[in-house]
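Colleague: Structure incoming, see below.
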Amino acid sequence: MNHVLPHASSASDSPSKIAVITGGSRGIGAATAKLAAAQGYAVCISYRRHDAAAEQVCQTIRAAGGVCLAVRADVSSEADVIDLFDRCTEAFGTPTALVNNAGILETQMPLAQMSVERLQRILAVNVIGAFLCAREAVRRMPLSVGGKGGAIVNVSSRASCLGSPGEYVDYAASKGAIDTLTIGLSREVAADGVRVNAVRPGVIHTDIHAAGGEPDRVERVKTGIPMQRGGAAEEVAQAILWLLSDAASYTTGSFIDVAGGR
Ligand code: NAP
């Protein structure tokens, strides 16, 4: 299902800053979409299931005078990802920014108990999904293909460094792949007007912990965080928007840990 809100721009009235934000219906993606819109981006959010949540993000952006398009698109589906980028381009013009944010985790358990189906689901969304979105971005953004250049921010996790033993090493390893994607792709496209960076959030207050079977996980682990608290999605969004911005014009292949010192 696709929602083009009444105030969305048309391609003939193309804004200069156009962001595709995957998983923009909730959590870090929703906070990033709202901040991006407030900073002048035309925003195209994707989501997988929660139509009402995506619609609410777009309505909030519209109420503040921004423009937003919400596209139901599963990042692990190649056809959906191509459709997402095509619809964004049709509505606003060629994207200048991608926030590769959509990601999942599943119930906490040691590796010994993980099914192959679970491993495939985690890797399909967190790794293949991020690769497909990055691929569509670098098929469109580079100066050499007629794009305006741009920036990609991958949403990794501190888990890529910590490994998440006993909870979700599958998820942590998927974020390790995102870190390597960031390094490799940043060097592939550095001379073609596209920067690629990542943020590594720590423990952030969002719904994702409920998916792991522990909605109050932040409260349990916060005493192990040097700053003694979980982070807010808005604090991660600030780092993402800085990496997208011209203020980060000489920054590529870099990582910002937004993790309270963890
Ligand atoms: P969240 O609150 O669970 O939101 C996840 C978002 O991703 C939702 O918008 C969801 O859409 C979307 N999504 C899930 N699977 C998708 C798919 N296959 N295709 C398209 N969209 C999909 O998660 P979050 O905590 O904001 O996490 C966002 C990113 O930050 C993830 O990559 C996560 O790994 C990373 N991160 C989070 C934390 C943390 O503590 N929260 C820490 C480190 C890293 P629906 O609403 O339709 O389900």
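Colleague: For the chain, give the percent of accessible area contributed by carbon and sulfur heavy atoms, probe 1.4 Å, rounded to a whole number.
Modeller: That share works out to 53 percent.
Colleague: Using the alpha carbon gyration tensor of the chain, what are the three equivalent-ellipsoid semi-axes (square root of 5 times each eigenvalue), largest first, in whole Å?
Modeller: 28, 20, 18
Colleague: Select from 226, 196, 256 the residue farthest towards the positive end of the dipole of segment 130-262; place +1 on Cβ of Lys and Arg, -1 on Cβ of Asp and Glu, and compute about the Cα centre.
Modeller: Of the listed residues, the answer is 196.
Colleague: Just the number, please: Stokes-Einstein D of segment 136-178 in µm²/s, Kirkwood Rh from C-alpha pairs, 10 °C, 1.306 mPa s. Working shown, then result.
Modeller: Numbers: Rh = 12.1 Å.
Value of D from the Cα-based Kirkwood radius: 131 µm²/s.
Colleague: For every other residue with a beta carbon closer than 13 angstrom to the beta carbon of residue 203, add +1 if it is Lys or Arg and -1 if Asp or Glu, then tell me the sum.
Modeller: Neighbourhood net charge equals +1.
Colleague: What whole number of Å gives the distance from the Cα centroid of segment 40-57 to the Cα centroid of segment 126-148?
Modeller: Their Cα centres are 20 Å away from one another.
Colleague: Given the DSSP H assignment, sum -39500 (n - 2.57) over each helix run of at least 4 residues in the chain and divide by its residue total; what's the result at 222 nm in deg cm²/dmol, nearest 500? Don't skip to the answer; put the middle values down first.
Modeller: Working: 10 runs with 104 residues, N = 262.
About -12000 deg cm²/dmol.
Colleague: Go through 103-116, 249-262 and give me the packing order, highest mean Cβ count within 10 Å leading.
Modeller: By packing density, highest mean first, the sequence is 249-262, 103-116.
Colleague: Hey, in the chain, which Cys have no second cysteine's beta-carbon closer than 4.7 Å?
Modeller: 133, 161
Colleague: Turning to a different aspect of this structure: Using Cα pairs under 8 angstrom and six or more residues apart, how large is the relative contact order of the chain, in percent?
Modeller: 19 percent.
Colleague: Working from Cα positions, state the angle (0 to 90°, nearest 10) between the long axis of helix 233-244 and the longest principal axis of the chain.
Modeller: Approximately 50 degrees, to the nearest ten.
Colleague: Here is a follow-up. Of all DSSP beta bridges located in the chain, what percent are antiparallel, nearest 5?
Modeller: 10
Colleague: Quick one: accessible area per residue over the chain, 1.4 Å probe, rounded to a whole number of Å²?
Modeller: Details: 11190 Å² over 262 residues.
In whole numbers, the chain has 43 Å² accessible per residue.
Colleague: Helix 51-63 against the longest principal axis of the chain: what's the angle in degrees, Cα atoms only, rounded to the nearest 10?
Modeller: Between helix and principal axis, roughly 50 degrees.
Colleague: If you count, for each residue, the other Cβ atoms within 10 Å and average over each peptide, how do 49-60, 71-82, 88-99, 22-33 line up from highest to lowest? Walk me through the numbers on the way to the answer.
Modeller: Details: 49-60: 16.7, 71-82: 19.3, 88-99: 23.2, 22-33: 27.0.
Output ranking for 49-60, 71-82, 88-99, 22-33: 22-33, 88-99, 71-82, 49-60.
Colleague: Right, another one. Pick out which of 167, 117, 234 has the largest mean-square fluctuation in a Gaussian network model of the chain, springs linking Cα atoms closer than 10 Å.
Modeller: It is 117.
Colleague: Would you be so kind as to identify which of 150, 163, 184 lies farthest towards the positive end of the dipole of segment 141-203, taking Lys and Arg as +1 and Asp and Glu as -1 on Cβ and the Cα centre as origin?
Modeller: 150
Colleague: Helix 78-92: angle to the longest alpha-carbon principal axis of the chain, degrees 0 to 90, nearest 10?
Modeller: Approximately 40 degrees, to the nearest 10.
The values are calculated or read from the model by the stated rules, or taken from the named source; none is laboratory data. Worth saying up front: this structure is predicted, and the values here are computed from it rather than measured. Neighbour counts run over all protein chains shown; Cβ positions are idealised from the backbone, glycine included. Note: areas computed on protein heavy atoms with side chains; ligands, DNA, RNA excluded. Shrake-Rupley method; radii C 1.70, N 1.55, O 1.52, S 1.80 Å.
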